[in-house]
Structure formats: structure tokens, C-alpha cells
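All remarks here apply to the structure that follows.
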Amino acid sequence: MSMKDENSQKIATLISGLFDHILIGDLLRDLPYKSLLSVREPFGLDEQGYYKWYADLFSSVLNRPGVGEKWSEDGIRNKIQELLAQLATAKTQSTQSARFSIDFSEIAESWITNIDVQFGENVCYVPVIGLALVEPLSMGAVTFWPLEAKKRELKDKIRPEFFDRLHPNMCCVASSTIKAEPQKSVEVLNERVDNVLNSLRYISSLIWQDEPAMQMYIAGRDPNRIASAVAINLNGTVSTYNNSFVNPLPFVLNSMNLQIAKSWGLEHLQSILSKRVHSPLEDILLTAIRWFGDACQDPSTLYSFIKYYISLEVLLKKKEESAMHTIPVRVSTLLEQFDLAKRKRFNASAKTIVRERNSIFHSGKPEKESLDYLVWVVHRLARNTIHELRYKILSEGFETQEDVIDWVKRHG
């Protein structure tokens, strides 16, 4: 980012506008922005200063190339706070005539130079609930560590509260190395970890196909795992039920489960995630897995259906195509090449999903089938389709969605 670019003068103009709307001294009325130069010297921005000039400066800087990748929103706000203090100090020391001698371009250049910095590497850690390991597992830029091993390694570097309420049979620690402002590094870490957890949610759904989805969360985002509900009938009889959405059992990647996970494509997913550049179909596959994994975690049956459906559509339909004319035939052909009766059943199920999708999108409820049944069906169709396409990427070298469509035409 250089002050020679075409936006440099815009930044200087926004800083000049901020200067004009800074108020110093007794701030008797409510202001949208207040701060202090010293205990006895408050300053603030009037409404136009905050809602126009401040907001425009914030969005202009955050949208500059590369800034959003290495700065958090709070980090940029802190930098604007420093700038406002500098401007307020200059305003207390200047007269109205002296205002025209202030070089806002120079101030802008100096300020942006402090934003256009190359951060060193931060090794970031976050606890993960619902995943237990016996050895480290790397997936892309994220590594999951057995809890006790990482606890011993970090005990002299971080506060012990980091490991509060974590149990090695239920939890692990995820890490990634990131070049960004520290707070942004943590935000990037959380995004990376959640994306990778979606892959593990997908793998676990293949390992335990008829069991409730394994729940894996970044610590702090996990729901309460123990809850109950009661039903009281007219005779006063009380029935107590488990009201927890989550499966209380963790995904334990011991040696046996690790081998099973590998048989379902874990190593292939690891290799895809580790690539710097993906084929178009690999990008589509990872997008579908993210939607699928997020659907596994959603406590709302309605939103689970929508997310499972999106994962299916992402895989099989181009933007300009009709869902009803493409998804059923492509799903059924991919999932069954030889048994025509079985293929017809898959086709009919997929048509039901697409038909009911329209009603759910527009009215929030299905037209004919129960929502629970639709989620059950679309979960399995999406899961198995993801698996088939991942295998075809590996075994047949598919690289684009057109490769999938052509294959279906040949085998349909």
C-alpha cells in the first residue's frame, strides 16, 4: 500500500474532514464518539464527524488491498483512535488560520505507513471441544494436538485458565501459524479451525453413518451438552427427556478410528487442504464440505435442511441450470451406476428434496413431507455425493464440474 496510489488523496481528505468535526473541551451534549487527551481535556466527534468522516475512513482503510487480511476491525479502530488523538492535539494548538498550514497528506502518509506493516509470525492456539487425539493431526494450515502434550509444553507460557474445564478424553488444542496483527491472527485461526472441523464432521458422518452427528466446536462456541425437558399429562404424570441437541460422545481419533477415517478419504482431504492451489472441482468439494459440516452442527432442523441442500447444489448444479432438471439425474447416476431400480429411488428422493426446497425457502415449511424426513434424506444424499465426487477426483482425475457432468451423460 503506497501513498502513490489513486486512493491516497481520498484518505487525506477524510482525515481533513475528521479534523474539522473534532470538538474540544466541555462536551455538554451527547456525542457518538468521545475520548480524552488528558484527564481534564476531553474531545469528541459530532454526528457528521462520526457517522460520515469516521465511518468513511474506517471502510476506506479496511477495504484497501491487503489490510483486511492482516488487521482486525478493532485494530483499525485503535489506529483511528490514535489518529484522532493526534488531530485533537493539533487542533488545541492551532488557530483557525493555522488550520490551512496543516499538511493532511503528510499526516495520512505517516498514518498509513503505520498500518502498512509486515507482521511477524504468530503461533496461535485454541481449544477444541468434542475431538480427542492420541497423536497430532495436520490438516492444511491447522494442526490438532493431544491436550496433555500441549498443556505440558505451554504451561510456562500461557495462563492456566486456558485449559480450564478441558478433558483429554473430550478435547484437544488446534494451532496455526499466521502473519497478522495478534487479534486478527486469532480471528484467522478460528476461521481455519472451523473450516477444518467441517471436514472432520463430514468424515465422522461416514464412519458412524446411522448415528447422531459428532459435535466438534471451538471452545466457547460449544452448546451446553447436558439439558432436559419434561412433559406433564393431565393426570400429573411427569416424563423427563433428554433435550440436548448434541451427541455427548467425542470424536476420538485413536489408532482404530484413524484407520477407518483414512479408508473414508481422510488422507486425500489432508492432501487437498495442504495445497496452495486447488482445481476448480476441489474448490467446489471443499465448499460443499463446509456447508455439510455446518449443517451437522445446526440445532435448527430447518437450517440444517437448507445447508445440506446447498452442499448438494454446490456440487452438481451450475448457476444457470434448473435444479429439478439436473440434481436428481446427477445424484442418482453418481450414487448408482448399475442397479436401475435403485437409481430410480435415488432420483425420486432427490426430486422430493428439490420440490420441497422451494416450499421451505418461501414459506419456512415443507409442502408435503415432514421436515425431519427431508433432513434425513438430504443428509445422506449430500454425504454420499461428496464421497463419490471426492473419490472420482482421486481415482479418475476429475478437475472441473464439467468433468462430472460429462461422466453423468456417459453413464446416465
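The values are calculated or read from the model by the stated rules, or taken from the named source; none is laboratory data. Note that the coordinates shown come from a computational prediction; the quantities given were computed from them, not determined experimentally. Don't worry about glycine lacking a Cβ; one is built from the backbone with ideal geometry, like all the others, and counts go over all protein chains shown. Surface accessibility is based on the protein's heavy atoms, side chains included, excluding ligands, DNA and RNA. Shrake-Rupley method; radii C 1.70, N 1.55, O 1.52, S 1.80 Å.
For the range 389-402, residues that are open to solvent by 50 Å² or more (accessible area, probe 1.4 Å) and of a type outside the set (Gly, Ala, Ser) total 5.
Conditions: (1) within 22 Å of residue 402 (Cα to Cα); (2) of a type outside the set (Gly, Ala, Ser); (3) at pLDDT below 95; (4) open to solvent by less than 50 Å² (accessible area, probe 1.4 Å). Residue 297 meets all but one. Number of the miss? All conditions are met except number (1). Restricting attention to the range 18-36, the residues that are at pLDDT 85 or above and more than 36 Å from the chain's Cα centre (by Cα) add up to 7.
Considering only the range 165-185, I want to know if a residue exists there that is in contact (Cβ under 8 Å) with a residue 60 or more places away in the chain and of a type in the set (Asp, Glu). Within the range 165-185 (the criterion being in contact (Cβ under 8 Å) with a residue 60 or more places away in the chain and of a type in the set (Asp, Glu)), the answer is yes, since at least one residue qualifies. Taking (1) hydrophobic (A, V, I, L, M, F, W, C); (2) under 36 Å from the mean Cα position of the chain (by Cα); (3) modelled with pLDDT of 90 or more in turn, residue 87 satisfies each apart from (2).
Is it the case, given these coordinates, that residue 313 is at pLDDT below 95 and either acidic (Asp, Glu) or in contact with a helix residue (DSSP H, G or I) (Cβ under 9 Å, 6 or more places away or on another chain) (or both)? No; evaluated as a whole, the condition is false for this residue. Would you check if residue 181 is farther than 21 Å from residue 297 by Cβ, open to solvent by 60 Å² or more (accessible area, probe 1.4 Å) and within 23 Å of the chain's Cα centre (by Cα)? Against the criterion (farther than 21 Å from residue 297 by Cβ, open to solvent by 60 Å² or more (accessible area, probe 1.4 Å) and within 23 Å of the chain's Cα centre (by Cα)), residue 181 does not qualify. Determine whether the range 155-167 contains at least one residue that is of a type in the set (D, E, K, R) and in a helix (DSSP H, G or I). For the range 155-167, residues of a type in the set (D, E, K, R) and in a helix (DSSP H, G or I): present. Of everything listed in (1) touching a Phe, Trp or Tyr at 6+ places or on another chain (Cβ under 8 Å); (2) open to solvent by 80 Å² or more (accessible area, probe 1.4 Å), the single unmet condition for residue 135 is (1). I'd like the residue in the range 50-86 that is touching a Leu at 6+ places or on another chain (Cβ under 6 Å) and not aromatic (Phe, Trp, Tyr) and, out of all such residues, is surrounded by the fewest Cβ atoms within 10 Å (Cβ to Cβ). Ranking the candidates gives 68 first. Which members of the range 194-221 meet the condition of being in contact with a strand residue (DSSP E or B) (Cβ under 6 Å, 6 or more places away or on another chain), open to solvent by 10 Å² or more (accessible area, probe 1.4 Å), modelled with pLDDT of 85 or more and assigned to a loop (DSSP other than H, G, I, E, B)? Selection gives 219 alone.
Among the residues of the range 352-373, is there at least one that is under 27 Å from residue 282 (Cβ atoms) and open to solvent by less than 20 Å² (accessible area, probe 1.4 Å)? Looking for residues that are under 27 Å from residue 282 (Cβ atoms) and open to solvent by less than 20 Å² (accessible area, probe 1.4 Å), one finds at least one in the range 352-373, hence yes. Restricting attention to the range 125-145, the residues that are in a strand (DSSP E or B) and acidic (Asp, Glu) total 0.
Tell me, which residue of the range 330-341 that is among the charged types (D, E, K, R) and at pLDDT below 95 is least open to solvent (accessible area, probe 1.4 Å)? Among residues in the range 330-341 that are among the charged types (D, E, K, R) and at pLDDT below 95, the one least open to solvent (accessible area, probe 1.4 Å) is 336. All conditions in (1) under 14 Å from residue 386 (Cβ atoms); (2) surrounded by fewer than 20 Cβ atoms within 10 Å (Cβ to Cβ) hold for residue 317, with the sole exception of (1). Restricted to the range 222-236, and to residues that are at pLDDT 80 or above and not aliphatic (A, V, I, L, M), which residue is nearest to residue 190 (Cα to Cα)? Going through the qualifying residues, I end up with 233.
Among the residues of the range 200-217, is there at least one that is of a type in the set (A, V, I, L, M), in contact (Cβ under 8 Å) with a residue 40 or more places away in the chain and over 27 Å from residue 375 (Cβ atoms)? Checked the range 200-217: no residue is of a type in the set (A, V, I, L, M), in contact (Cβ under 8 Å) with a residue 40 or more places away in the chain and over 27 Å from residue 375 (Cβ atoms). All conditions but one from (1) open to solvent by less than 30 Å² (accessible area, probe 1.4 Å); (2) polar (S, T, N, Q); (3) modelled with pLDDT under 95 apply to residue 279; the one that does not is (3).
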